[in-house]
Amino acid sequence: MNKAILIGRLTKDPELRTTASNISVCSFTVAVDRRFKSEGQPTADFINVIAWRQTAEFVSKYFRKGSRIAVVGSIQT
């Protein structure tokens, strides 16, 4: 099973573009606060996210830098 649920804030405005076959693609980065903070360690993880089709258009239309967002999907490296 590969399911990730992230809640955080956008680090910059989402970038919407279309593929050659006219499919919408939106990329953005979510800053997710860490649950436990260690001395000298970063307090957030920055996760790159890609949304496709109607989800991509929705994110680019309604979200901006600093907006709080919840993302559910799978992780691919």
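The values are calculated or read from the model by the stated rules, or taken from the named source; none is laboratory data. It should be emphasised that the depicted structure is a prediction, and the values quoted were computed from it without experimental measurement. Note that we place each Cβ from the backbone using ideal geometry, even for glycine, and neighbour counts take in every protein chain shown. Surface accessibility is based on the protein's heavy atoms, side chains included, excluding ligands, DNA and RNA. Shrake-Rupley method; radii C 1.70, N 1.55, O 1.52, S 1.80 Å.
Excluding ligands, DNA and RNA, the accessible surface per residue across the chain is 79 Å² with a 1.4 Å probe.
Over the chain, the hull volume per residue, using the convex hull of the C-alpha atoms, is 116 Å³. Using C-alpha pairs under 8 Å with a sequence gap of at least 6, the mean separation divided by the residue count of the chain gives a relative contact order of 44 percent. Other residues lying with their Cβ under 11 Å from the Cβ of CYS26 contribute a combined charge of 0, Lys and Arg counting +1, Asp and Glu -1. Positive end of the dipole of the chain (Cβ unit charges, origin at the Cα centre): among THR77, TYR62, PHE36, the Cα lying farthest that way belongs to TYR62. Relative to the longest principal axis of the Cα atoms of the chain, the long axis of helix 53-62 lies at roughly 60 degrees. Surface composition of the chain: carbon and sulfur atoms hold 50% of the protein heavy-atom accessible area at a 1.4 Å probe. The charge dipole of the chain, taken about its Cα centre with unit charges on the Cβ atoms of Lys, Arg (+1), Asp and Glu (-1) only, comes to about 160 debye.
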